[in-house]
Amino acid sequence: MAVTEVTRFAKSQFIPHPMMLFAAGTYEADGSANLTLVSWMGFYWDGGLGITLCLDGDKAVKRNFERTGWLTLNALTREQTKLVDALGRASGPQKAEAAARFNLTAADGSPAPELADSPLVYEVELARQLEFDGSTLYFGRISAVRSAVADAGEDGTAVYDIVAASPLLASQRDYCCLTEGDVLGPWC
Ligand SMILES: Cc1cc2nc3c(=O)[nH]c(=O)nc-3n(C[C@H](O)[C@H](O)[C@H](O)COP(=O)(O)O)c2cc1C
């Protein structure tokens, strides 16, 4: 198999591993809802579970998160691919129109909008941020998690149905997803 050396021509854009795609929900200063596609999300532990989120450049989501101290991360689904694609390509006034096609509602416990039909919603309170050359890495406390596809297991822990969630993933340039045959069995 030929090995391609990607560093020379794709150093900054080459992120081929699948990343789960979320819509970050924030409120603008005028009270309108903003939705931003994000995939650079991870987790950390600080006496409780938190999320890391890297946001680059100058974005409404950054200004809103820093002003209100809150955002929601809403998992997106295969069924929403067309809406997601339209949101991802939109800019200026079209972006608000593309966001308005989603089923938005107010989150229960935080000043941020959420997607009513998302299978997994994190409510996140801003804890810290680190500034880098061109991006900001945010650390947020997860204050609540809601899932339409999780049930209480026998030991009381929530059991998440990844196939029912039908999460939308992003890999470099493509959207992708899981199907039933792709779930291979438990890892513990
Ligand atoms: C698939 C996909 C994933 C993205 N992930 C991120 C991300 O993790 N961080 C980021 O800063 N921007 C990300 N973006 C770009 C933002 O969604 C885009 O810049 C958006 O227009 C910002 O909107 P805003 O200014 O209303 O916040 C992603 C875009 C796409 C299409």
* Asked: Which of the strands (runs of 3 or more DSSP E) contained wholly in region 91-155 include at least 1 residues that are of a type in the set (S, T, N, Q) and surrounded by 15 or more Cβ atoms within 10 Å (Cβ to Cβ)?
  -> 120-131, 135-147
* Structure fact -> Counted residues in region 156-171 being out of contact with any helix residue (DSSP H, G or I) (no Cβ under 9 Å at 6 or more places or on another chain), part of a loop (DSSP other than H, G, I, E, B) and under 23 Å from Asn74 (Cβ atoms) come to 2
* Asked: Given the conditions (1) in contact (Cβ under 8 Å) with a residue 40 or more places away in the chain; (2) within 14 Å of the chain's Cα centre (by Cα), and given that Val145 satisfies all but one, which numbered condition is not satisfied?
  -> (1)
* Could you count how many residues in region 8-61 are under 14 Å from the mean Cα position of the chain (by Cα) and either closer than 15 Å to Ser135 by Cβ or among the small types (Gly, Ala, Ser) (or both)? -> 15
* Asked: Considering region 172-188 alone, what residues qualify as being assigned to a strand (DSSP E or B) and under 19 Å from Leu120 (Cβ atoms)?
  -> Tyr175, Cys176, Cys177
* Hey, can you tell me all the residues within region 86-109 that are of a type outside the set (Gly, Ala, Ser) and within 13 Å of the ligand (Cβ to nearest atom)? => Leu87, Arg89, Pro93, Gln94, Lys95, Glu97
* Asked: Does Thr81 qualify as being over 20 Å from Cys176 (Cα atoms), surrounded by 12 or more Cβ atoms within 10 Å (Cβ to Cβ) and hydroxyl-bearing (Ser, Thr, Tyr)?
  -> no
* State whether one or more residues within region 75-91 are touching a residue at least 12 places away in the same chain (Cβ under 8 Å) and among the basic types (Lys, Arg). => yes
* **Complete set of residues in region 37-51 that are within 12 Å of the ligand (Cβ to nearest atom) and farther than 20 Å from Gly109 by Cα** => Leu37, Val38, Ser39, Trp40, Met41, Gly42
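Where a number appears in this text, it was derived from the coordinates with a stated rule and is not lab data. These figures come from a predicted structure and were not determined experimentally. We place every Cβ from the backbone using ideal geometry, glycine too, and count neighbours over all the protein chains shown.
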